[in-house]
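See below for the structure under consideration.
Any read-out appearing in this document is the output of simple, stated calculations on the displayed coordinates, not a laboratory observation. Here the structure is a predicted model, which means the values were calculated and not measured. Backbone-built Cβ (ideal geometry, glycine too); neighbour counts: all protein chains shown.
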Amino acid sequence: MMIKNIATADILGCKVHLVNMAEAVQIVEQMVEDGQNGNQVVTLNAEIIYQTKKETELQRIINQASLVTADGIGTVWAVRVLGYPQKERVSGIDLLHELCTRGATPGWKIYLLGAAPGVAEKAGQKLEESYPGLKVCGSRNGYFSKQDEDDIITDINSKSPDILFVALGAPKQEYWIDQKRAALKVPVCIGVGGSFDVIAGFKKRAPELFIRLNLEWLYRLLAEPSRWKRQLALPAFVVSVLKQTYGRTN
Ligand code: UDP
């Protein structure tokens, strides 16, 4: 579905829709109601934007997605510094929770694909407990081989979810959704990174204070020091965005 009348930002050649959480939820709801299959939703963080400088295929995927939200303080900062109207952060896990809230009453069906064996199932139980009315129609871990993919798609299609949440980590999940969305009979596919681990209770999300101070990235770095390599992209991202800003005004 092409969204009309929603302004977009251009950050290093990647489109980002200028939407807040309420607007993002409304757009996804519209997609579910329209029932047209194949919409991809990306919650875009700075590391991924920076990665597109080397991976043009990833940039293509982002730019053809039906909805791209600003995830992470880096993306939100870039939107502002490039002079677009400031928008709040719309992260994958927050969007997932908001959509579960929205989908509880109409009884939306969701399918959870990703994370280690048992995690998606546990996350599904927790979501059904937290959002009575919501139906988790299926779940599957994210460690599968190419040969398993036809079975996975058959299973998903047989359960006809309204939304498929894919938690394979970014950008693996973005590539996977792009490759499979034509075969999937699902209106909306959303990449949600490590969300299932948090929902199932196997990983902690940053404390509220860190989130409020825009320091969730720091918490994640301290909790998982192996992330430092990915986060090295952040200073380079900042420099590139400043060059884009400079290039525009001069
Ligand atoms: N994962 C998976 N299959 C894979 C690789 C990763 O299901 O082949 C899962 C992993 O178990 C974890 C998530 O993908 O639940 C990645 O989480 P991470 O926090 O690294 O993702 P990010 O939020 O940074 O995109």
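The HN-Hα couplings worked out from phi for the range 224-229 by the Karplus form 6.51 cos²θ - 1.76 cosθ + 1.60 (θ = phi - 60°) are 10, x, 5, 6, 4, 4 Hz, whole numbers, x standing for Gly and Pro.
Between residue 238 and residue 30, residue separation times 0.36 nm minus the direct Cα-Cα distance comes to 71.5 nm. By the rule of a C-alpha distance below 26 Å, with chain neighbours fewer than 8 residues away ignored, the lysines paired with residue 185 are 4, 15, 109, 122, 126, 135, 146, 159, 172.
Across the range 21-29, coupling constants 3J(HN,Hα) worked out from phi with the 6.51/-1.76/1.60 Karplus curve, θ = phi - 60°, read 4, 4, 5, 4, 5, 4, 5, 5, 4 Hz, and Gly and Pro carry x. For the chain, the longest principal axis of the C-alpha atoms and the axis of helix 92-104 are separated by about 40°. The magnitude of the dipole of the chain, with charges of +1 and -1 set on the Cβ of Lys/Arg and Asp/Glu and taken from the Cα centre, is near 700 debye. Using the Cβ-Cβ distance between residue 18 and residue 146 with R0 set to 41 Å, the FRET efficiency from 1/(1 + (r/R0)^6) comes to roughly 0.65.
In order along the range 133-141, the phi-based Karplus estimate (6.51 cos²θ - 1.76 cosθ + 1.60, θ = phi - 60°) of 3J(HN,Hα) comes to x, 5, 10, 8, 8, x, 8, 7, 6 Hz; Gly and Pro are listed as x. Label-to-label distance, residue 228 versus residue 154, with points set 7 angstrom from Cα along the beta-carbon direction: 4.7 nm.
Peptide packing: for 41-53, 107-119, 4-16, the average count of neighbouring Cβ atoms within 10 Å per residue gives the ranking 41-53, 107-119, 4-16, highest mean first. The packing ranking, built from the mean of other Cβ atoms within 10 Å per residue, places the peptides 168-179, 200-211 in the order 168-179, 200-211, highest first.
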